[in-house]
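First up is the structure itself, then whatever we jot down about it.
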Amino acid sequence: MPELPEVETIRRDLEPHLLGRRIVGFHVADVRARSKYRRLANARNQTIRAVSRRGKYLLVSLGDTELVVHLGMSGRLFLAESAPMVKHRRAVLDLSDGSHLVFVDRRRFGTLQLVEAGDYSTLPTLARMGPEPLSTEFAPEPWVTSMARANGSVKALLLSQRLVAGIGNIYADEALHRARIHPLAHHLGRRPALRLHQAIRDVLSEAIAHRGTTFSLHRDGLMNEGDFYAELRVFGQTGTPCRRCETPIVKVRVAGRGTHLCTRCQQP
Ligand SMILES: [Zn+2]
């Protein structure tokens, strides 16, 4: 699933091509989910003012309205010179320069919604999202407090989006390994909480620098591959030696998700 670094890569790629373009038409190819895209008609004749990101959501500002894109499990969003007849094409937005913004989603968990600017009442995860991890709003002291107080395993808290935005299964596992914290740990003390705060910022910044992690379906906005995969220390590394202590990485289930860890570096 695309997480913050992958969505940020797409945003940076698309932004210069989208700014100032007008949406002149749209097509919904997904007949089974037409209602999901219903309000897209209101995007017609609107000009793209900004392309931003919040957590794993891409926000395309059209002035009074906003197009909110979530790529779900397998969604891709890319620009094409001509509207390609690719498999699993769900929606196409025609732009005033003749190009097309194409939304492809094999597993149909992705969403493309038009909302009033800033009104996320139909998107509860977005409405209640925690601070952006790479902004100054993600400050160490409030983080230490919330990590000490919040109930639930640290992995579940990272995945919830409520205390920090944009982290999914890959970067949760990577950040916890770097901070030497067991995914089931809860009510973290000050020192581990501060280590995790730094690890989150480090792993996400490095992944953005590598244009994200490429796995089965993810491609960035220009259909290139990211290469952070080679930097992963635990995710998808079951059986390979831990880079720190050489204990083989194991995969367990935490918060309903496959979770990778080093049992020596990350003790409960
Ligand atoms: Zn280790």
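The values are calculated or read from the model by the stated rules, or taken from the named source; none is laboratory data. Values in this document were obtained by computation on a predicted structure and should not be read as measured data. Positions of Cβ are backbone-derived with ideal geometry, glycine not excepted, and every protein chain shown enters the neighbour counts.
Observations, loosely collected:
- Hey, GLU132 free of Cβ contacts under 8 Å to residues at least 12 places away in the same chain and either touching an Asp or Glu at 6+ places or on another chain (Cβ under 7 Å) or not β-branched (Val, Ile, Thr) (or both) or not: no
- The stretch 61-101, residues that are of a type in the set (Val, Ile, Thr) and under 18 Å from ALA41 (Cβ atoms): THR65, VAL68, VAL69, VAL92
- Residue list for the stretch 249-263, filter: free of Cβ contacts under 8 Å to residues at least 60 places away in the same chain, away from the ligand (no atom under 11 Å from the Cβ) and in a loop (DSSP other than H, G, I, E, B): GLY256
- Looking across the stretch 147-158, just one residue is under 26 Å from GLU8 (Cα atoms) and surrounded by fewer than 20 Cβ atoms within 10 Å (Cβ to Cβ), and that is ALA156.
- Test: residue in the stretch 103-123 that is among the small types (Gly, Ala, Ser), buried (at least 17 other Cβ atoms within 10 Å of the Cβ) and modelled with pLDDT of 95 or more: no
- Filtered residues of the stretch 57-101 (kept if buried (at least 16 other Cβ atoms within 10 Å of the Cβ), at negative phi and in a loop (DSSP other than H, G, I, E, B)): LEU62, LEU71, SER74, ALA83, SER99
- Comparison of LEU62, LEU163 shows that the only residue that is out of contact with any Cys (no Cβ under 8 Å at 6 or more places or on another chain) and under 24 Å from ARG257 (Cβ atoms) is LEU163.
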